[in-house]
Amino acid sequence: MKKTMRILGIILIINLLIPFRVTAQGMPVYDNTNFVSMTKSLFESAKQTSELLKTVKFLKEQKDNIVMVNNAIKQLKAIREMARNHQILFRMVRSDVREILDSPYIKAGEVEQVSQSFEQIMATAIDDLDFINHILSNNLLKMTDAERTELLTEKERQSKEMVSEITNKTRRYREIISFRKMQDRINNREAKY
């Protein structure tokens, strides 16, 4: 009886632990169509990623090209402005300085002083033009486009300063001439009472 009780206890425990519907798992079954479609989608994603990388590389190259063109445009604008300033400078020196020097109200000792002050500005302008020509024609200085643009804009600013300096000197000498002219009229007038 003890033995049968033991067997019944074991059977009862086994029945409690094992569900009533016992099914076997067996070998796993894979769906090949899902696996193939997943592989295809991974392959397409890789293609799209490589195309995106190519697009990013192309856009970076285009950005660099745009920066280069922008720097070239800035350089051309600076050169055009400098050329315009130097034309104004040469025109002013050619016409206005000749008029000042030919005036009877400029003394002989002042002629040399006036000539030297204008010649100094013109020599600086010519040296600047030679330097800019050297920068643009030779790559000896190994400058980047940004450095070259910065240098050209600085030279443009200096050319504007030279034009304003010539303008101020011309105006000052004309005022001196008009003052001396007025002084001469006052000193040489006839008394009309």
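Read-outs throughout are calculated quantities, based only on the coordinates presented, and are distinct from any laboratory measurement. Treat the numbers as computed from the prediction; the structure is a model and nothing was measured. Quick reminder, even Gly has a Cβ in these numbers, built from the backbone with ideal geometry, and neighbours come from all protein chains shown.
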For the chain, the longest principal axis of the Cα atoms and the Cα long axis of helix 32-92 enclose an angle in degrees, to the nearest 10, of 10 degrees
Magnitude of the Cβ-charge dipole (Lys and Arg +1, Asp and Glu -1) of the chain about the Cα centre, nearest 20 debye, reported as 1360 debye
Chymotrypsin sites (Phe, Trp or Tyr not before Pro) in the stretch 92-188 lying in a DSSP loop, each with at most 16 other Cβ atoms within 10 Å of its Cβ, come to Y105
Relative contact order in percent for the stretch 57-184 (Cα pairs under 8 Å, 6+ apart) equals 48 percent
F179 neighbourhood, Cβ < 15 Å, K/R = +1, D/E = -1, net charge +4
Rounded to whole angstroms and listed largest first, the alpha-carbon spread of the chain along its three principal axes comes to 167, 42, 30
With Cα coordinates, the longest principal axis of the chain makes an angle with the long axis of helix 108-137, in degrees rounded to 10, of 30 degrees
Measuring from the longest principal axis of the C-alpha atoms of the chain, the long axis of helix 2-17 (C-alpha) lies at a number of degrees, nearest 10, equal to 30 degrees
